[in-house]
Amino acid sequence: AFCAHAILGSEVFEVSDASADARFADNALVTGKPDIRFYAGAPLTLEDGQRIGTLCVIDRQPRKLTDTQRHLLALLARTAVQLLEGRLALQSERALHAQADQAGAMMRGSFDAILGVASNGVIHQWNDAALRLTGYSAAAIQGRALQSLLPSLCLASHEKAQACLRGELAGAIVDTQLCTADGRTLDISLSL
């Protein structure tokens with residue numbers, strides 16, 4: 001197939017007269033309808049190197065591209081790739097927003113106390129159940145170090161906690177104690 005040759009290259013692939021080219025002379029697209037004689041195709045290659053197709057022009061008459069036409073076909077192919085990548089990025093962004101919305105809804109609706117903690121141990125997200133359990137207001141918990149709520153759990157030296165903060169471990173459960181805003185200490189199971 002013409003496009004199979006074009007997609008393997010890095011530049012415009014051109015066949016001036018397919019009926020005179022041994023690779024294509026017996027091809028059904030050359031010997032019958034649509035009677036291809038000329039083919040020029042530019043590979044469509046994504047930034048990650050994935051080859052996803054070709055942008056091509058065909059004609060029923062033999063011909064040869066000029067340098068300008070060859071350059072324009074390559075530019076059109078790059079433009080097509082940029083548009084496709086933009087579309088893929090937009091789809092990915094929409095999917096991420098949908099996941100974030102779903103996660104936010106789950107967090108807000110959960111009866112379990114949930115705290116979002118940055119890798120430096122600072123609290124940046126919480127749900128209403130966490131505020132009720134800790135006794136802190138949203139303003140008071142924002143930016144607070146998790147260590148202030150869980151003094152018996154030293155995040156810096158706790159192997160499971162550090163693995164979770166690095167994204168290497170999920171779902172570890174640690175039994176520890178929580179200090180509330182009013183000074184009480186509660187025994188809790190913490191799911192990291």
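The values are calculated or read from the model by the stated rules, or taken from the named source; none is laboratory data. If you're wondering where the values come from, they're calculated on a predicted model, not measured in any experiment. Cβ: placed from backbone, ideal geometry, glycine included. Neighbour counts: every protein chain shown. Ligands, DNA and RNA are excluded from the accessible area calculation, which covers all protein heavy atoms including side chains. Shrake-Rupley method; radii C 1.70, N 1.55, O 1.52, S 1.80 Å.
Could you check how many residues of segment 41-59 are closer than 12 Å to ILE7 by Cβ, open to solvent by 40 Å² or more (accessible area, probe 1.4 Å) and touching a residue at least 12 places away in the same chain (Cβ under 8 Å)?
Total meeting the criteria: 5.
Go through segment 1-40 and give me each residue that's open to solvent by 60 Å² or more (accessible area, probe 1.4 Å) and either among the acidic types (Asp, Glu) or touching a residue at least 40 places away in the same chain (Cβ under 8 Å) (or both).
Hits for segment 1-40 are LEU8, GLU11, ALA20, ASP26.
What tally of residues in segment 172-191 results from selecting those that are open to solvent by less than 70 Å² (accessible area, probe 1.4 Å) and free of Cβ contacts under 8 Å to residues at least 12 places away in the same chain?
Qualifying residue count, segment 172-191: 1.
Among (1) without any contact (Cβ under 8 Å) to a residue 40 or more places away in the chain; (2) surrounded by 10 or more Cβ atoms within 10 Å (Cβ to Cβ); (3) farther than 21 Å from ILE7 by Cα, which single condition is PRO62 missing?
Failing condition for PRO62: (1).
Could you tell me which residue of segment 104-124 is most open to solvent (accessible area, probe 1.4 Å), considering only residues that are polar (S, T, N, Q) and closer than 15 Å to CYS164 by Cβ?
Per the stated criteria, the residue is ASN120.
Can you tell which of LEU90, LEU131, LEU83, LEU169 is open to solvent by less than 60 Å² (accessible area, probe 1.4 Å) and not small (Gly, Ala, Ser)?
Just one listed residue meets the conditions, LEU131.
When you scan segment 117-192 for strands (runs of 3 or more DSSP E) that lie fully inside it, which ones turn up with 3 or more residues that are under 29 Å from the mean Cα position of the chain (by Cα)?
123-126
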